[in-house]
1. Kindly provide the set of residues from region 65-106 that are within 20 Å of residue 30 (Cα to Cα), at pLDDT below 90, in contact with a helix residue (DSSP H, G or I) (Cβ under 6 Å, 6 or more places away or on another chain) and not in a helix (DSSP H, G or I), ordered by number.
2. Residue 151 versus (1) touching a helix residue (DSSP H, G or I) at 6+ places or on another chain (Cβ under 6 Å); (2) surrounded by fewer than 18 Cβ atoms within 10 Å (Cβ to Cβ): which is the lone unmet condition?
3. Which residue out of 22, 26 is within 24 Å of residue 159 (Cα to Cα), surrounded by fewer than 18 Cβ atoms within 10 Å (Cβ to Cβ) and in contact (Cβ under 8 Å) with a residue 40 or more places away in the chain?
4. Mind checking whether some residue in region 33-46 is in a helix (DSSP H, G or I), modelled with pLDDT of 95 or more, over 16 Å from the mean Cα position of the chain (by Cα) and buried (at least 21 other Cβ atoms within 10 Å of the Cβ)?
5. The conditions are (1) in contact with a helix residue (DSSP H, G or I) (Cβ under 7 Å, 6 or more places away or on another chain); (2) part of a loop (DSSP other than H, G, I, E, B), and residue 129 fails exactly one of them. Which is it?
């Protein structure tokens, strides 16, 4: 019998985000997941080095790699719809859980135990991945605004406010130290290094 899990994961590149928004460049789920993993890794390092925490940076990065993989089955539901009211939010959470179970069931039996904590991370890891996800969304907004796409103006403000409401010091530090570079061109970034 074949195991379909990794073939399904490869389909992440076919799921496009921001479906209700006019994009200058389409972003797929694979790209978003990689960026979110890089940021979650950084947030865990910030937690440990700057805040005296004990976050597992590798666990955070790995959970972020798979954090939206259920969208292979569900598709990317736009945020305004997903969180429209508590009933829709609750129903979507159930659908996501069922999709996660479906993906895990595509794995060989001896892999399943290793993947369950990735699809259902602990509270601390989940907190860091959620913040990383929002920071990735902020970066997308900045990139679109730099290209002159005003479609992302309100989203950028809303996401910034959402990051502040997380009360996540790691995200605040990342936003202060790393986000300003996303407003710069490559030449400006190189100039800053001199």
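The values are calculated or read from the model by the stated rules, or taken from the named source; none is laboratory data. These figures come from a predicted structure and were not determined experimentally. So basically every Cβ, Gly included, is an ideal-geometry build from the backbone, and we count neighbours across all protein chains shown.
1. Answer for region 65-106, where residues must be within 20 Å of residue 30 (Cα to Cα), at pLDDT below 90, in contact with a helix residue (DSSP H, G or I) (Cβ under 6 Å, 6 or more places away or on another chain) and not in a helix (DSSP H, G or I): there is none.
2. Only one criterion in (1) touching a helix residue (DSSP H, G or I) at 6+ places or on another chain (Cβ under 6 Å); (2) surrounded by fewer than 18 Cβ atoms within 10 Å (Cβ to Cβ) is unmet by residue 151, namely (1).
3. Going through 22, 26 in turn, just one is within 24 Å of residue 159 (Cα to Cα), surrounded by fewer than 18 Cβ atoms within 10 Å (Cβ to Cβ) and in contact (Cβ under 8 Å) with a residue 40 or more places away in the chain: 22.
4. Yes, some residue in region 33-46 is in a helix (DSSP H, G or I), modelled with pLDDT of 95 or more, over 16 Å from the mean Cα position of the chain (by Cα) and buried (at least 21 other Cβ atoms within 10 Å of the Cβ).
5. Every condition holds for residue 129 apart from (2).
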